[in-house]
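Contents: one structure, followed by commentary.
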Amino acid sequence: MRLVEKDCGMKDHFEIAKELIPWASQTRSKSYRRFPDNYPRFVDYGIGGCFVRCRDAYYLDFISALGPIILGYRDCDVDSQVMEQIRDSGNVFSLPHKLEIEVAEMLNRIIPCAEMVCFLKNGGDTTMAAVRLAKIVTGRKIVLNRGYHGWAVFDQLTPFTSISELEEWGTGLAAVLIEPELFAQFELIEIKALCRDYGAVLIFDEVISGFRIRMGGIQELYGVIPDLACFSKAMANGYPISALVGKKELMKRLEEDIFVSTTFGGDTIGLAAAKATVQKMEKVNCIDHLWKVGSYLKVNLGELIKKHDFPMQLYGFPPMIHFKIPQDLHPLFLQETIKRGVMIYNSHNLNYCHKEREIDVLLEVYDEIFPLVKEGKVGLEGNPVGNVQLLRQWR
């Protein structure tokens, strides 16, 4: 504490962060160690829905806080309902609040498998609870997985690459935990059939795909319904909340012999934000907008990749187009995009405030930097930079 009190006025926040916080960030994916030296270290605030300010520079942001921002930064409708809830009622109480029921009813209507709902705080909470539930219900230990499911369950999972591996484990399987967007529809149908045959629990990790690819996730898009599913990120436009949902016969076990409970699961700030987010997303047809704008990006970006023969591989659905670039080129790519006022990492996480004009700016930047990066015409630099004038063009 003495270090901060003595030096905070003289030291740079970044230097203090490196001394006091592992990775200088509470989230590894936001750490300075993931970015080139010219990237800004901290965000001051979001503005204009899809822009952020870092010191004296503005950036057009396609990271969208790693996916939670679905309507836009500081959405006035969501924020006003949250502030009204805090001002009029408060946020945590000694008994459940009626918002728990209202939002649970919303999820029951929106998510195909959501016969019952358990609110938690982040995606990792839900996957951890789902794995625990599956193991105790089946009396088995093996959980096969594909995808990223948060830090808490790493040592409890066995990665698989081929669906045939499910057959090898057979009746020894407790569950299969997957990010469903990594699979084709016919593969999900096959995985579900195998889980049914072996008595294993099928868990969809829809933390990323839920409220983005479809409101109800990939299970709504493909019509393949899991036993349990995990939702978070975009369901409250950046406010912390998550939900483990699933079939009643499994979820009822949380009342019996499986303990999952948290003080802040029923926090009404997250619930109010989720309610407002769902209401606005449905009102403005947010999902349709994301698919339209994302398809526009995908088509035009594909043409630029061909034009410059740039080694960028695209995959995923239009609302969240992921990409891969060779490791030696990725730092240069990030350096050159941020120099031109665009903040991105390895995915285009679109939100409702991204319109075609924002996509056009991104495409212009790509058109300029692709040959520079590919042909080695730029080298790694230092010192954060940005486009101070960028935001003014949108006012």
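The values are calculated or read from the model by the stated rules, or taken from the named source; none is laboratory data. Note that the structure is a prediction, hence the values are computed from the model and not measured. All Cβ positions, glycine included, derive from the backbone under ideal geometry; neighbour counts span all protein chains shown.
Taking the criterion of being within 16 Å of ASP227 (Cα to Cα), charged (D, E, K, R) and surrounded by 19 or more Cβ atoms within 10 Å (Cβ to Cβ), the only residue of the stretch 173-191 that qualifies is GLU179.
For the stretch 106-161, filtered to residues that are at pLDDT 95 or above, polar (S, T, N, Q) and assigned to a helix (DSSP H, G or I), the residue that is surrounded by the most Cβ atoms within 10 Å (Cβ to Cβ) is THR127. Number of residues in the stretch 43-70 that are among the hydrophobic types (A, V, I, L, M, F, W, C) and in a strand (DSSP E or B) equals 6. Out of LEU20, LEU95, LEU71, one residue alone is aliphatic (A, V, I, L, M) and in the same structural domain as CYS118 (by TED's automatic domain parsing). It is LEU95. Would you confirm, using the coordinates I've provided, whether TYR58 is buried (at least 18 other Cβ atoms within 10 Å of the Cβ), more than 26 Å from GLY150 (Cα to Cα) and of a type in the set (Ser, Thr, Tyr)? Spelling it out, TYR58 is indeed buried (at least 18 other Cβ atoms within 10 Å of the Cβ), more than 26 Å from GLY150 (Cα to Cα) and of a type in the set (Ser, Thr, Tyr). In summary, GLY170 fulfils each of the numbered conditions (1) modelled with pLDDT of 95 or more; (2) surrounded by fewer than 19 Cβ atoms within 10 Å (Cβ to Cβ) with the single exception of condition (1).
Being of a type in the set (Gly, Ala, Ser) and surrounded by fewer than 17 Cβ atoms within 10 Å (Cβ to Cβ) is the filter here, so list the residues in the stretch 258-304 that pass it. Matches in the stretch 258-304: SER261, SER295, GLY302. Residue count for the stretch 229-276, restricted to those that are free of Cβ contacts under 8 Å to residues at least 40 places away in the same chain and in contact with a Leu (Cβ under 9 Å, 6 or more places away or on another chain): 1.
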